[in-house]
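What follows draws every value from the coordinates through simple rules; no lab data is involved. Since we're looking at a predicted model, the values are computed, not measured. No Cβ is skipped: glycine too gets one built from the backbone with ideal geometry, and neighbour counts run over all protein chains shown.
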Amino acid sequence: MLIMKKKKLFLFLGILSFLCLLVAIFFLLFYDYYPVKARTEKIETYAQNDTDDYTTIGWLRVQGTDIDYPVIYAPGYDFSGKTDNFVWNEVNSDELLNQVTISGHNILNLSKNPLVADKNHQRFEQLMSFTYLDFVKDNKYIQYTFKGQDYIYKIFSVSYTERDNIPKFTREDLTSEEMNEYIEQSLEDSIFKFDIDVNENDKILSLVTCTRMYGRYNDIEFKVDARLVRRGELKLNYDVSATEKYQEVKDIMEGGENNGKA
């Protein structure tokens, strides 16, 4: 009798283990932490209003925010006639370059205590949500739609960095040496450490906006760097932790003023 009970117990545990394995396989094969949302039609619709001053070249989505905007190219950098939400790329290339910088205005979220995903914020103001570790833990992906393709990127760096460290005007692929230098600088400046690999063979997307975290008059900008999801790589959540630079920012925020307009 005891032997029969043990056999039944082993059988039950075996079946349970098999079912757990099936659930794990299903999860890995079908779970998508940040699913693609096609934006090609939105680009085509928005582009119908293009003028000689600007051209719609893509679309941007950022996890955890309302940033779901067209990306435009304006050779003269004159955006005075546009009142809707948009961001811009200062380069118009026919191919997806290995380093793309997209910029946007931050007018209403410039204090040393940035608000998180505030519904009243536009352009790149909600990008400042990535200042906070708790927000970053749950939001690590970016979608960039370009030339009919929806590309997903994984964030690997969030930083307050000097303007000169941002290659905004690159009109061709960076060399391997330039990519390594840029990646190393981004990782060094990052206020968080992300548990993902990034190297010179990856394609990188950088989102940039202005900040007053370090005062009104300075050459510091807020930057979020991400690398393209590799072929066959799953889109899952991944670990992130604070660096010493995050503590520096926290110290500034604790002594900073309340949020206000520019």
Net dipole in debye of the chain [+1 Lys, Arg Cβ; -1 Asp, Glu Cβ; about Cα centre; nearest 20]: 1800
In degrees, nearest ten, helix 2-30 long axis to first principal axis of the chain (Cα): 20
13 Å beta-carbon shell around Thr65, net charge (K/R +1, D/E -1): -1
Length-normalised contact order of region 114-155 in % [C-alpha pairs under 8 Å, at least 6 apart]: 26
Placed amide H near Thr101: partners under 5 Å, 5+ positions off or other chain: Ser206
Binned Cα-Cα distance frequencies in region 40-254 - 5 Å width, integer %: 1, 7, 15, 20, 21, 18, 11, 5, 1, 0
Helix 176-189 axis, angle to the chain major axis (alpha carbon atoms, nearest 10°): 80
Rg followed by Dmax, in Å, when region 165-218 is reduced to its Cα trace: 13.0, 37
Relative contact order %, the chain, counting alpha carbon pairs below 8 Å whose residues are six or more apart: 22
Contact order relative to length of region 42-81, as percent, for alpha carbon pairs under 8 angstrom and 6 or more apart: 36
Packing-based ranking, highest mean first, of 198-205, 100-107 given that Cβ atoms within 10 Å are counted: 100-107, 198-205
Leading residue at positive end of dipole, the chain (Cβ point charges), from Asn237, Gln247, Asn218: Asn237
Kirkwood Rh (inverse of mean 1/r, distinct Cα pairs), region 59-99, angstrom: 11.7
Percent of beta bridges antiparallel (DSSP, the chain, rounded to nearest 5): 85
Cα-based Lys proximity count in region 81-200, under 29 Å, for pairs eight or more positions apart or on separate chains: 24
